[in-house]
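J.: Can you read through this structure? Questions will come right after.
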Amino acid sequence: MKTESALEKILAAGHLAVTSECGPPRGAVPEKVKEKAEKLRGYVDAINVTDNQTAMVRMSSFAACLIIRQMGLHPILQMVTRDRNRLAMQSDILGAYSHGINTMLCLSGDHPCFGDHPMAANVYDLDSIQFIQMVKNMRDEGKFQGGDEILNPPKMFIGAAANPFADPFELRVARLAKKVKAGADFIQTQCIYDLPRFEKWMQGVRDRGLHEKIHILAGVTPFKSAGMAKYMNQVHEEQSAGHECAGRDDQAHGRGSQGQAGRRRSQPLRGDHTAPQRGERRGRFPHHGDRMGREGAGDREKGRTPS
Amino acid sequence: MITAERKPIEEIMESIRPFNRILLVGCNECVTVCAAGGRKEVGLLSSALQMACMKEGKVLDVKEMTLERQCDPEYVEELVSAINQADAVLSMACGCGVQEVARRFKEKPVFPAVNTKFMGASERQGVWAERCQGCGDCVLGLTGGICPVARCSKRLLNGPCGGSTRGKCEINAEVDCAWQLIWDRLKALGLEKRYEDIMPAKDWRTSRDGGPRRIIREDLAS
């Protein structure tokens with residue numbers, strides 16, 4: 001075992017793992033984090049905590065992870081390279097690890113133009129692959145990216161994202177290979193609606209033996225409404241998502257959201273997708289239920305532009 | 001070239017409002033090529049400003065000059081003869097030219113009439129696009145001659161993010177995905193395998209992050 005991560009233990013033992021997402025609130029309301037996390041207790045192995053998803057300011061992922069950790073649950077610290085340079089990222093990793101947060105997801109993040117601060121500087125000191133390398137070197141070599149030794153190096157179980165539905169498709173397996181090479185331990189994919197394309201991608205993954213080198217968690221987001229299915233069909237038409245499901249929205253409607261329905265099923269599930277979030281940020285979804293309800297299944301971080 | 005776009009006439013008018021005699025200075029280099037601040041644009045702006053002032057009941061005296069290179073002290077020196085007859089200078093050069101005029105004529109207010117945009121190339125008549133960010137450590141040899149620093153919206157060095165769709169960037173359907181272009185080019189060159197080489201974290205000291213940059217050529221420096 002490389003780390004003390006609960007997720008690593010589950011995956012290393014050959015079990016299927018279920019993670020779900022908890023988007024931090026847009027305010028200093030820790031009780032919201034607790035409320036969301038409590039709903040997931042007993043249903044998931046780990047909770048993805050997004051980092052200013054869709055470039056909208058929210059409570060920091062680290063702070064929300066800490067609240068969740070203190071509840072005895074296992075957070076996955078998501079971190080994007082959009083908002084922080086390598087100094088800030090490493091200091092946050094030291095801080096998070098000091099509080100028992102030992103699993104993270106390394107992402108590039110949505111471009112600021114999608115969020116509520118489109119005028120912000122986008123940092124991108126590192127890309128996601130360099131980020132993975134940095135976290136791995138911190139763990140395995142005990143060194144900062146700048147080369148100095150770390151006192152008590154943080155041992156993070158390292159996650160990354162993959163989008164089998166983006167273009168150019170022929171690079172999508174190669175890109176996973178690159179993330180494996182960089183040191184990623186597990187992958188969370190973009191939400192899957194186009195099964196044939198996912199299978200084609202998985203075939204490429206197996207052909208190269210990558211599935212034996214990295215744990216792959218497949219992303220699933222049930223539709224909450226017909227409007228959401230139609231919207232996603234529209235926005236993801238070009239990335240081939242949603243077609244399969246737009247006619248089956250009624251089945252999704254009213255079903256338990258996120259990982260609950262699929263816990264320890266044949267596919268590892270993860271409620272992680274961005275199309276709902278894009279709809280939300282553009283105000284194009286019909287609103288169903290209250291704000292909390294929409295957040296419950298609508299706040300997604302990285303499915304849109306995992307990198 | 002360095003590209004620029006003229007500022008809105010209202011903003012320019014506001015900057016020169018306190019002055020009656022303006023020295024309007026163009027540049028014969030990049031801003032001429034991108035049709036923002038050459039001799040022709042100097043003439044057009046001069047007329048526009050005089051007409052706008054006339055509407056306000058004010059007579060604006062504009063002296064027009066277009067230098068060979070406004071970023072070069074040798075040519076900026078040519079302003080000496082005209083500078084004393086002006087209350088202020090309005091420069092249509094890029095930011096480099098504006099600053100060179102300001103450096104040479106310390107007592108004279110200088111205002112930019114253009115917004116300097118980027119280092120780019122002409123894509124077709126009337127369209128210019130960014131090509132280089134001057135990072136100071138060129139990677140074009142590794143990326144098939146297409147720059148991910150300047151042309152990827154996230155300046156990713158190791159491949160396309162999940163927002164690449166049919167060759168376009170997610171931020172705007174008008175923007176090409178740099179990594180699609182790089183990949184197409186690597187394939188054309190038979191260099192596909194190169195994609196899987198990890199490009200390490202960049203040392204940004206050679207870029208703006210290392211502070212303002214200079215080049216000193218000992219063999220040429222006086």
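The values are calculated or read from the model by the stated rules, or taken from the named source; none is laboratory data. Everything quoted here is computed from the prediction, not taken from an experiment. Note that each Cβ is placed from the backbone with ideal geometry, even for glycine, and that neighbours are counted across all protein chains shown.
J.: Report, by residue number, each residue of the stretch A:144-156 that is free of Cβ contacts under 8 Å to residues at least 24 places away in the same chain and away from chain B (no Cβ under 14 Å).
T.: A:Asp148, A:Glu149, A:Leu151, A:Asn152, A:Pro153
Yes or no, residue by residue, for (1) part of a helix (DSSP H, G or I); (2) at pLDDT 95 or above; (3) more than 18 Å from A:Leu171 (Cα to Cα):
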position	(1), (2), (3)
A:Gln190	no, no, no
A:Pro196	yes, yes, no
A:Lys200	yes, yes, no
A:Gln203	yes, yes, no
A:Thr221	no, no, yes
A:Lys230	yes, no, yes
A:Gln234	yes, no, yes
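J.: Still on this structure: Looking at (1) without any contact (Cβ under 8 Å) to a residue 24 or more places away in the chain; (2) of a type in the set (S, T, N, Q); (3) under 30 Å from A:Lys136 (Cβ atoms); (4) more than 12 Å from every other protein chain (Cβ to nearest Cβ), find the lone condition where B:Ser164 falls short.
T.: It fails just one condition, (4).
J.: What residue, among those in the stretch A:82-136 that are over 21 Å from B:Gly162 (Cα atoms), buried (at least 18 other Cβ atoms within 10 Å of the Cβ) and not aliphatic (A, V, I, L, M), is nearest to the other protein chains (Cβ to nearest Cβ)?
T.: So, considering only residues that are over 21 Å from B:Gly162 (Cα atoms), buried (at least 18 other Cβ atoms within 10 Å of the Cβ) and not aliphatic (A, V, I, L, M), the one nearest to the other protein chains (Cβ to nearest Cβ) is A:Arg86.
J.: Still on this model: Considering (1) within 11 Å of chain B (Cβ to nearest Cβ); (2) farther than 24 Å from B:Met199 by Cα, say which one A:Ala182 fails and leave the rest.
T.: Failing condition for A:Ala182: (2).
J.: Which of (1) of a type in the set (Ser, Thr, Tyr); (2) free of Cβ contacts under 8 Å to residues at least 40 places away in the same chain; (3) surrounded by 17 or more Cβ atoms within 10 Å (Cβ to Cβ) is the odd one out, the single condition B:Ser47 does not satisfy?
T.: (3)
J.: Do we have any residue at all in the stretch A:74-81 that's buried (at least 23 other Cβ atoms within 10 Å of the Cβ) and within 14 Å of chain B (Cβ to nearest Cβ)? Step through it out loud before you land on a result.
T.: Residues of the stretch A:74-81 that are buried (at least 23 other Cβ atoms within 10 Å of the Cβ), as a first pass: A:75-81.
Narrowing further to those that are within 14 Å of chain B (Cβ to nearest Cβ): A:80-81.
Checked the stretch A:74-81: at least one residue is buried (at least 23 other Cβ atoms within 10 Å of the Cβ) and within 14 Å of chain B (Cβ to nearest Cβ).
J.: Another question about this same structure. From the residues in the stretch B:167-222 that are assigned to a loop (DSSP other than H, G, I, E, B) and either touching a residue at least 60 places away in the same chain (Cβ under 8 Å) or among the aromatic types (Phe, Trp, Tyr) (or both), which one is surrounded by the most Cβ atoms within 10 Å (Cβ to Cβ)? Spell out the reasoning first.
T.: Here is the first cut: in the stretch B:167-222, the residues assigned to a loop (DSSP other than H, G, I, E, B) are B:167, B:170-171, B:177, B:189-191, B:197-203, B:207, B:211-222.
Retained after the next criterion (residues that are either touching a residue at least 60 places away in the same chain (Cβ under 8 Å) or among the aromatic types (Phe, Trp, Tyr) (or both)): B:199, B:202-203, B:207, B:213.
Working: B:Met199: 18, B:Lys202: 20, B:Asp203: 12, B:Ser207: 15, B:Arg213: 11.
Restricting to residues being assigned to a loop (DSSP other than H, G, I, E, B) and either touching a residue at least 60 places away in the same chain (Cβ under 8 Å) or among the aromatic types (Phe, Trp, Tyr) (or both), the top hit is B:Lys202.
J.: Hey, B:Ala150 hits all of (1) part of a loop (DSSP other than H, G, I, E, B); (2) free of Cβ contacts under 8 Å to residues at least 40 places away in the same chain; (3) not charged (D, E, K, R) but one; which does it fall short on?
T.: Among (1) part of a loop (DSSP other than H, G, I, E, B); (2) free of Cβ contacts under 8 Å to residues at least 40 places away in the same chain; (3) not charged (D, E, K, R), the lone unmet condition for B:Ala150 is (1).
J.: Does A:Leu171 count as assigned to a helix (DSSP H, G or I) and either within 12 Å of chain B (Cβ to nearest Cβ) or at pLDDT 95 or above (or both)? Spell out how you get there, then give the answer.
T.: Numbers: assigned to a helix (DSSP H, G or I): yes; either within 12 Å of chain B (Cβ to nearest Cβ) or at pLDDT 95 or above (or both): yes.
Criteria met by A:Leu171.
J.: Checking the conditions here, which among A:Gly159, A:Gly209 is in contact with a Phe, Trp or Tyr (Cβ under 6 Å, 6 or more places away or on another chain) and more than 10 Å from every other protein chain (Cβ to nearest Cβ)?
T.: Working: A:Gly209 fails: in contact with a Phe, Trp or Tyr (Cβ under 6 Å, 6 or more places away or on another chain).
A:Gly159 is the lone residue from the list that is in contact with a Phe, Trp or Tyr (Cβ under 6 Å, 6 or more places away or on another chain) and more than 10 Å from every other protein chain (Cβ to nearest Cβ).
J.: Has the stretch A:144-163 got at least one residue that is over 21 Å from A:Leu11 (Cβ atoms), modelled with pLDDT of 95 or more and buried (at least 23 other Cβ atoms within 10 Å of the Cβ)?
T.: Here is the first cut: in the stretch A:144-163, the ones over 21 Å from A:Leu11 (Cβ atoms) are A:144-153.
Imposing the further condition that a residue be modelled with pLDDT of 95 or more reduces the set to A:144-153.
Now drop any that are not buried (at least 23 other Cβ atoms within 10 Å of the Cβ), which leaves none.
Within the stretch A:144-163, not a single residue is over 21 Å from A:Leu11 (Cβ atoms), modelled with pLDDT of 95 or more and buried (at least 23 other Cβ atoms within 10 Å of the Cβ).
J.: Provide a single number: the residues in the stretch B:138-161 that are on the phi > 0 side of the Ramachandran plot and more than 7 Å from every other protein chain (Cβ to nearest Cβ). I'd like the intermediate steps shown before the answer.
T.: Here is the first cut: in the stretch B:138-161, the ones on the phi > 0 side of the Ramachandran plot are B:144-145, B:155, B:159.
Checking the rest, the ones that are also more than 7 Å from every other protein chain (Cβ to nearest Cβ) come to B:144-145.
Qualifying residue count, the stretch B:138-161: 2.
J.: Kindly check whether there is at least one residue in the stretch B:112-130 that is surrounded by 15 or more Cβ atoms within 10 Å (Cβ to Cβ), in a loop (DSSP other than H, G, I, E, B), of a type in the set (A, V, I, L, M) and not assigned by TED's automatic domain parsing to the domain that holds B:Asp87.
T.: no
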